[in-house]
Amino acid sequence: MKITRRSLLAPGLLASLIAGPAVASGESVRVLLLSGQNNHDWTATTPELETILGEDGRFGVDVTEEPGALTARSLEPYDVIVSNWNTFGKDPAKAAWSPDTRGAYVDFVRRGKGHVVIHAGSSSFDDWEDYRRLTLATWKMEQTSHGPNHAFPVRIDDPAHPVTAGLEGFTTTDELWNRPGLVEGVQVLASSFSAPEAEGKGNREPTVLASRFGEGRALTVLLGHDVRGMSTPGFRTLVRRGVEWAATGTVAAPSWRWQKEKDALALVGPSGPLWQFRYGKDLDAAYFHPVSTPDGRVLTWDQPADHVWHHGLWFSWKFINRVNYWEIDAETERPAGRTSWSNVRVDASDETGAQVAMQLAYRPAGTDDPVLEEERSIEIGLPDAEGTYSLDWVSEFEALRRSVLDRTPLPNEPGGQPWGGYAGLSLRLTGDLSAREVLSNDGPIVDMPDDRY
């Protein structure tokens, strides 16, 4: 039997940190990932699962493409089995596990360890009752079905379970199973509505399930048909938390760490950057991107194709003395009004969060004398127990000579345009938002003509 050890830590990651370790000291969870056969593209999804677990740093992952050769001794070093393997319509010889292998497999979990199924990783062994109870959900012939891959929301149904505690629902593009065969008494942690227009049955279908198996723990994630589905931050978070729970019975609180690169600072958690501030000298604006939720859902959009001068969360004037500091000139690919910054000070603390201070100057292209200067300070708070955090942005401006600030007129003004009014502190939201609520000092914003959120 061949088991392959993978390297999961990105080169140079440790050197990029300014506070706190990139990973726990030593890998705390040993994972055996089953692969090598599947009626889905395991050659793409197995490396993606390795990447997902590698993003955390606490998982040591080995891969076997010969699970039929497993023994009690070969399983002994591991805390959890993750199955991306099945026999559905595949080589029947690979399904001929010996009685010793079958016994060692279920005893591994029954005696206190973990088992995780990804999507169709349980579609095997119709004649093996213990295996079907261990894998929680299976493809049941003449009952189970699915429509095409499509976008659908995933709802958290059990917010008290360690795997889903504190998580919010998310939207994914994946394959949704209708009426899978379920083990009696299984806990449904998350589910999705199976829409008739997507060949669904018009009811809610389980997407994440959990149960005890003897002294051990079993989890099934029916999402993850392909790499696209696995790329959803919510899926990645569920897999990491699910594997940790199956292996240990608990899920550790998210660990945050500071990551400093050249001209950038980020606060990074298990689901990736919570935020990143970018201030490279080659940029037209210093800005935040991504700005994310704690479970990894990115809220901002940098340089969308329709407005490449939009940069996540940023500040820009529109016109100063009729010079455009906002849009990019098609010929020069730079704004006619240039923004530069100096004396940048970026600090990060595990006790107080991050502080940014910088001086900015605004000048027309081709000139050396600024018309306006700015003192900018930004304080970014640490996320609280619920993941809430704040950015406190203060800018003070001084006109060095007569300066007229202006913007494109609004539709109700002379010469007004639908795109009028843009300038100032701006937030370009991702196009993937399925719902949003915006609150200003004057109350909720409910009038968004043409959905211009």
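The values are calculated or read from the model by the stated rules, or taken from the named source; none is laboratory data. The shown structure was predicted, so the numbers you read here are calculated from the model rather than taken from an experiment. Here Cβ is always computed from backbone atoms with ideal geometry, including for glycine, and neighbour counts include all displayed protein chains. Ligands, DNA and RNA are excluded from the accessible area calculation, which covers all protein heavy atoms including side chains. Shrake-Rupley method; radii C 1.70, N 1.55, O 1.52, S 1.80 Å.
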Criterion (of a type in the set (A, V, I, L, M, F, W, C) and touching a Lys or Arg at 6+ places or on another chain (Cβ under 8 Å)) met by exactly one of 195, 210, 253, 165: 210
Subset of the stretch 94-119 [of a type in the set (Lys, Arg) and farther than 19 Å from residue 35 by Cα]: 110, 111, 113
Test: residue 126 is of a type in the set (Asp, Glu) and crowded, with 18+ Cβ neighbours inside 10 Å: no
Condition check for residue 305: without any contact (Cβ under 8 Å) to a residue 12 or more places away in the chain, small (Gly, Ala, Ser), open to solvent by 80 Å² or more (accessible area, probe 1.4 Å) and within 29 Å of residue 154 (Cβ to Cβ): yes
The lone exception for residue 280 - which of (1) crowded, with 17+ Cβ neighbours inside 10 Å; (2) in contact with a Lys or Arg (Cβ under 9 Å, 6 or more places away or on another chain); (3) without any contact (Cβ under 8 Å) to a residue 24 or more places away in the chain it fails: (1)
All positions within the stretch 352-369 that are open to solvent by 10 Å² or more (accessible area, probe 1.4 Å) and either more than 29 Å from residue 334 (Cβ to Cβ) or among the β-branched types (Val, Ile, Thr) (or both): 352, 355, 367
Residue among 161, 115, 146 that alone is under 19 Å from residue 175 (Cβ atoms), surrounded by 15 or more Cβ atoms within 10 Å (Cβ to Cβ), of a type outside the set (D, E, K, R) and under 30 Å from the mean Cα position of the chain (by Cα): 146
Subset tally (residues that are surrounded by 15 or more Cβ atoms within 10 Å (Cβ to Cβ) and small (Gly, Ala, Ser)) for the stretch 370-402: 1
Selection within the stretch 174-202 - surrounded by fewer than 16 Cβ atoms within 10 Å (Cβ to Cβ) and closer than 29 Å to residue 298 by Cα: 195, 197
Residue count for the stretch 80-100, restricted to those that are hydrophobic (A, V, I, L, M, F, W, C) and under 29 Å from residue 248 (Cβ atoms): 5
Test: residue 273 is part of a strand (DSSP E or B) and at pLDDT below 90: yes
Strands (runs of 3 or more DSSP E) contained entirely in the stretch 55-170, each with at least 2 residues that are in contact with a Ser or Thr (Cβ under 6 Å, 6 or more places away or on another chain): 150-156
Members of the stretch 170-200 that are polar (S, T, N, Q) and over 28 Å from residue 212 (Cβ atoms): 171, 173
Matching residues in the stretch 140-181 - criterion: being closer than 13 Å to residue 200 by Cβ, small (Gly, Ala, Ser) and out of contact with any strand residue (DSSP E or B) (no Cβ under 6 Å at 6 or more places or on another chain): 147
Residues that are modelled with pLDDT of 90 or more, under 39 Å from the mean Cα position of the chain (by Cα) and open to solvent by less than 40 Å² (accessible area, probe 1.4 Å), drawn from the stretch 410-425: 424
Test set (1) under 28 Å from residue 294 (Cβ atoms); (2) touching a residue at least 12 places away in the same chain (Cβ under 8 Å) - residue 122 fails condition number: (1)
Qualifying residue in the stretch 336-347 (condition: open to solvent by 30 Å² or more (accessible area, probe 1.4 Å), among the aromatic types (Phe, Trp, Tyr) and either in contact with a His (Cβ under 8 Å, 6 or more places away or on another chain) or closer than 25 Å to residue 265 by Cα (or both)): no
When residues of the stretch 364-384 are limited to those that are without any contact (Cβ under 8 Å) to a residue 24 or more places away in the chain and part of a loop (DSSP other than H, G, I, E, B), the one nearest to the chain's Cα centre (by Cα): 384
Residue within the stretch 431-444 that is surrounded by 10 or more Cβ atoms within 10 Å (Cβ to Cβ) and either free of Cβ contacts under 8 Å to residues at least 12 places away in the same chain or touching a Cys at 6+ places or on another chain (Cβ under 9 Å) (or both) present: no
Number of positions in the stretch 171-185 that are outside any strand (DSSP E or B), of a type in the set (D, E, K, R) and touching a His at 6+ places or on another chain (Cβ under 7 Å): 1
